[in-house]
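*Asks:* One structure follows; several queries about it will come next.
All of the numbers you see were taken from the coordinates with simple rules; none came from a lab. Just so it is clear, the structure is predicted and the values come from calculations on it, not from any experiment. FYI the Cβ positions are ideal-geometry reconstructions off the backbone, even for glycines, and counts take in every protein chain you see.
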Amino acid sequence: MLKKKYIFGNWKLNKNLTDTTKFFSQFYKQLSVVKTIAKNNNLIYGFAPVSTCLSLSTKLKRGKTAIIAQDVSEYAFGSYTGQVSCLQLKDFNIKYAIVGHSETRKYLGCTDLNVNAKSKTCLINKITPIICIGESLAEYNKKQTKQVLAKQLKIILKGIDARKCIIAYEPLWAIGSGKTPTLKEINSVCEFIRKTIKQLSNVNVANNTPILYGGSVNEVNALKIVTLTHVNGLLIGGASLIPNKFVKILKDINTWQKEK
Ligand code: PGA
């Protein structure tokens, strides 16, 4: 089983250059604590700012903070107005990109086939795709979660080595709503995702694919979720906008590990 835990913040359409500078100056006041915690607990942490703040964020970046793109084009270059390619992200040494977030699916028409293409482009360019999957509220209520996820994974992972990706299970109805599935549900769905990856490839690939949970994770519920057996990390929206909330999540993991 994977030892690393991934704690990623998704800033969505928040923060301009001034806010980004403020965030990092506050966050890095605790840099030595964050560094020690990350090292001692095998944590990989980072933030996904808007694309206009990627350049500044990589300049302000200290320690091992990962700077993550919120989306990426499936194309390398050309007539694709409004998009940013892996080649352009590489200018900033970006190592991770979120793909298929439910908000890019909803507002920008991204499909599972696009997610597959985007993930492939990322891998060619040595960028780790953070692939988001999840069911709607109607599907959850009809108990179709596993069916929906299996279908998404089948399309998205076609021709892809899942070990080189990160999967983020984000129920659409949990995002920004303050609601989350029960801990038991999160654990069982993440276990199901791993089983599905095993069916699509093999046990080695499945056991080495990080599976994160996202959707209304905050400084109060984060520890309980991230310590579930089948969860390898968190994708945090709202709570990642406040440096102290994010640091608290890291500190709680540290305390829990020490007391274990
Ligand atoms: P949230 O967002 O934590 O604000 O619910 C999570 C996400 O969309 O990745």
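*Asks:* Suppose we filter Ile186, Ile197, Ile156 for residues that are farther than 23 Å from Ala69 by Cα, surrounded by 21 or more Cβ atoms within 10 Å (Cβ to Cβ) and away from the ligand (no atom under 16 Å from the Cβ); which single one remains?
*Replies:* Ile197
*Asks:* Next up: Give me the pairs: first residue in region 9-22 and among the hydrophobic types (A, V, I, L, M, F, W, C), second residue part of a loop (DSSP other than H, G, I, E, B) and crowded, with 16+ Cβ neighbours inside 10 Å, beta-carbon distance under 7 Å, and six or more apart or on different chains, which are they?
*Replies:* Filtered contacts from region 9-22: Trp11/Pro49; Trp11/Val50; Leu13/Val50.
*Asks:* Based on what the data block shows, is Leu172 surrounded by 16 or more Cβ atoms within 10 Å (Cβ to Cβ), under 25 Å from Glu139 (Cα atoms) and more than 11 Å from the ligand (Cβ to nearest atom)?
*Replies:* no
*Asks:* Does region 200-249 hold any residues that are in a loop (DSSP other than H, G, I, E, B), crowded, with 18+ Cβ neighbours inside 10 Å and more than 12 Å from the ligand (Cβ to nearest atom), and which are they?
*Replies:* Thr209, Pro210, His230, Val231, Asn232
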